[in-house]
Amino acid sequence: MSKVDVLLGLQWGDEGKGKAVDFLAPNYDIVARFQGGPNAGHTLEFKGKKHVLHQIPSGIFHPNITNIIGNGVVIDPIIFRKEINALQPFDINPIQTLVLSNKAQLIIPTHSLLDKGLEQEKGTNKIGSTLRGIGPAYQDKVGRYGLRVGDITEADFKAKYNKLTSQHVAMLQRLGVAVDFTAQESEFFESLEILKRFKIQSTEYLINNAILNGKSILAEGAQGTLLDVEFGSYPYVTSSNTTAAGACTGLGIAPNKIKNIFGIFKAYCTRVGSGPFPTELEDEQGNELRRLGNESGATTGRPRRCGWLDLPALNYACMLNGVTQLFMTKADVLSDMQRVKVCYDYEINGKTTKEFPFQYSRMHTAKCRSIGGWSLAGKFTFDSLPENLLRFISEIEHYTRVPVQMISTGPDREDTIIKPN
Ligand code: GDP
Ligand code: IMO
Ligand code: MG
């Protein structure tokens, strides 16, 4: 039966999307990324090996699946080439199974320099960007200056590139950033030759024809709902729509084609970069979560800030995305803790609320309750999970009114428990 399902993050990214997409991919004909770019780091683990993907969809290790980089993505050809090279030792043929939208925007070397310059200019208010050029590339897209993947074979590509680069150089000079990118520029043009070997087309037709022909599609989100440019903790967000709506604009899929929305979240919260984080633990317990959860960024290696599960924020994300099923990861990280905390409300100016605030400041408090811990030593089915973990799950289901359908208990594909229907 034909269908489009969307899998996306409900927190500040790094919820385990890569693992979940890789696990679910055999149920689909196509896996497609719809937004973001090399700011993403999606980790997959199987057969004792760990893989980190940045722009390539997480269905790539399944040889019978078509993987699409959609029009909503911003692509850095230099990073793309590195990712393709890293796939070489494996028994897959990305030239055959990976298709790029001709409308995806290109990240050029000056975009990353601009990212750096703009962050420096913000000083203590910096966003904590991954500095992969994401913001400047999306800025050029909406400013209608951007270069698209389909442009690279056009005769005037170099002229367009030079024009855009000279605009960037003027901005970089104003920002006081050293403007030497000769090495990156030659790497960029070499990498374009790799990009040209791939299928580049109007993937909106590929996808919609696949839907007409009864094929199934999994749209893979990057980042998380709380980093969405509209609804996240603005301005401490990324520059794309990370929500379900982004799958429509980022792939050319009409909303009525979407069936399931899988919302993925960690049993606690993490955030990399700056910005509000209501349940953040800035103490020994936060360090403990970071250590137990191995919480350092898959793209930048930065330590992730850690805190308890935030139900008002999770509920907000379920509402914005129309989540039909929840997937919870990292239940194992909380294993063996005496008590686990969960935030049910915020207190803002003496008033209790369940609404995610317009702005969250240190004057606001996350009101938490604690639940007894659990141990995940041994093998479990959904129904045999420890009683306190089942209670934790049912609290989440009660609060969000969305069923928890999958539990992840470790980084490997195999460490996945599905709730029987
Ligand atoms: P993504 O960006 O959403 O794909 O997530 P990342 O790959 O950036 O971060 C998730 C990290 O958690 C990766 O290192 C995964 O291998 C790991 N992971 C995923 N699910 C689980 C889980 O259930 N338990 C544990 N311990 N690690 C997990
Ligand atoms: P995945 O797909 C976690 C964060 C950055 C920064 C903010 C803006 O792996 O979940 P940007 O580079 O977009 O200008 O950064 O967003 N951020 C992520 N945090 N996971 C991600 O992706 C992220 N992509 C961006 O840390 O705070
Ligand atoms: Mg990640």
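Values in this text are rule-based calculations from the coordinates and carry no lab data. The shown structure was predicted, so the numbers you read here are calculated from the model rather than taken from an experiment. Neighbour counts run over all protein chains shown; Cβ positions are idealised from the backbone, glycine included.
Over the C-alpha atoms of region 240-288, what are the Rg and the largest Cα-to-Cα span, Dmax, in Å?
16.3, 47
Under a Cβ-only charge scheme (Lys and Arg +1, Asp and Glu -1), can you give me the dipole magnitude of the chain about the Cα centre, in debye to the nearest 20?
400
Express in whole angstrom the spacing between the alpha-carbon centres of region 240-270 and region 95-151.
The two parts, judged by their Cα centres, are 21 Å apart.
Cα to Cα, under 16 Å, and not fewer than 8 places away if on the same chain: which aspartates and glutamates meet these conditions relative to Lys215?
Reachable aspartates and glutamates: Asp5, Asp29, Glu204.
How charged is the neighbourhood of Ile65? Take every other residue with its Cβ under 12 Å from the Cβ of Ile65, and add Lys/Arg as +1 and Asp/Glu as -1. Provide the component values of the computation, followed by the final result.
Working: positive: Lys215; negative: Asp22, Asp29, Glu220.
Result for the local shell: -2.
Taking amide H positions as placed in the peptide plane 1.01 Å from N, state which residues far from Lys103 in sequence (5 or more) or on other chains have amide H under 5 Å from it.
Those qualifying (amide H under 5 Å, at least 5 residues apart or on another chain) are Gly150, Thr203.
Please work out how much length the chain gains when fully extended from Lys351 to Ser202, using 0.36 nm per residue of separation minus the C-alpha to C-alpha distance, in nm with one decimal.
Gain on extension, Lys351 to Ser202, equals 48.6 nm.
What spacing in nm lies between the two simple spin-label points modelled at Glu288 and Asp151, each 7 Å away from Cα in the Cβ direction?
5.3
Have a look at Ser240, Ser408, Ser384 and tell me which one the Gaussian network model of the chain (Cα, springs below 10 Å) gives the largest fluctuation.
Largest GNM mean-square fluctuation: Ser384.
Once Lys and Arg get +1 and Asp and Glu get -1 on their Cβ, which of Asn208, Ile108, Ile152 lies farthest toward the positive end of the dipole of region 103-260?
Farthest towards the positive pole: Asn208.
For the peptides 82-89, 131-138, 22-29, what is the packing order when you average, over each peptide's residues, the other Cβ atoms within 10 Å and list the highest mean first?
Numbers: 82-89: 13.9, 131-138: 24.5, 22-29: 18.6.
Averaged packing, sorted descending, gives the order 131-138, 22-29, 82-89.
Put a dot 7 Å past each Cα toward the Cβ at Asp91 and Thr381; how far apart are the dots in nm?
Label-label distance for Thr381 and Asp91, simple model: 3.2 nm.
For Ile396, Ile348, Ile95, which order do you get if you count the other beta carbons within 10 Å of each Cβ and list the fewest first? Let's see the in-between values first.
Numbers: Ile396 22, Ile348 17, Ile95 11.
The most exposed by this proxy come first: Ile95, Ile348, Ile396.
Equivalent-ellipsoid semi-axes (√(5λ), Cα gyration tensor) for the chain, whole Å, largest first?
On the way: eigenvalues 245, 137, 71 Å².
Computed over the chain, the values are 35, 26, 19 Å.
Taking only complete DSSP H runs, can you tell me which helices of the chain stretch 18 Å or more along their own long axis by Cα positions and average at least -1.0 on the Kyte-Doolittle scale?
Numbers: long enough: 109-122 (21 Å, -1.22); 157-175 (27 Å, -0.46); 182-195 (20 Å, -0.02); 387-400 (20 Å, -0.36).
Passing helices, by number: 157-175, 182-195, 387-400.
Share of Cα-Cα pairs in region 62-164 beyond 19 Å, in percent?
Values: 2725 of 5253 pairs.
Across region 62-164, Cα pairs with separations above 19 Å total 52 percent.
For a quick protection proxy, order the peptides 46-57, 327-338 by their average other-Cβ count within 10 Å, most packed first. Please list the in-between numbers first.
Numbers: 46-57: 17.8, 327-338: 20.7.
So the order, starting with the most tightly packed, is 327-338, 46-57.
I want the local charge near Gly252. Using Cβ-Cβ distances under 13 Å, sum +1 for each Lys or Arg and -1 for each Asp or Glu among the other residues. If you can, show how the numbers build up before the last one.
Values: positive: Lys103, Lys257; negative: Glu204.
Net of charged neighbours comes to +1.
Mean projection of the alpha-carbon convex hull of region 273-421 over all orientations, in nm²? Walk me through the numbers on the way to the answer.
Numbers: hull surface 39.2 nm².
Projected over every direction and averaged, the Cα hull of region 273-421 covers 9.8 nm².
Provide, for q = 0.20, 0.24, 0.32, 0.33 Å⁻¹, the log10 of I(q)/I(0) from a solvent-free Debye sum over equal Cα point scatterers in region 350-398.
With one equal scatterer per Cα and no solvent, log10 I(q)/I(0) is -0.78, -0.93, -1.29, -1.32.
Could you tally the net charge around Lys266, taking each other residue with its Cβ under 13 Å from the Cβ of Lys266, Lys/Arg +1 and Asp/Glu -1?
On the way: positive: Lys17, Lys19, Arg271, Arg290, Arg304, Arg305, Lys330; negative: Asp14, Glu15, Glu295, Asp310, Asp332.
Surrounding charge for Lys266 is +2.
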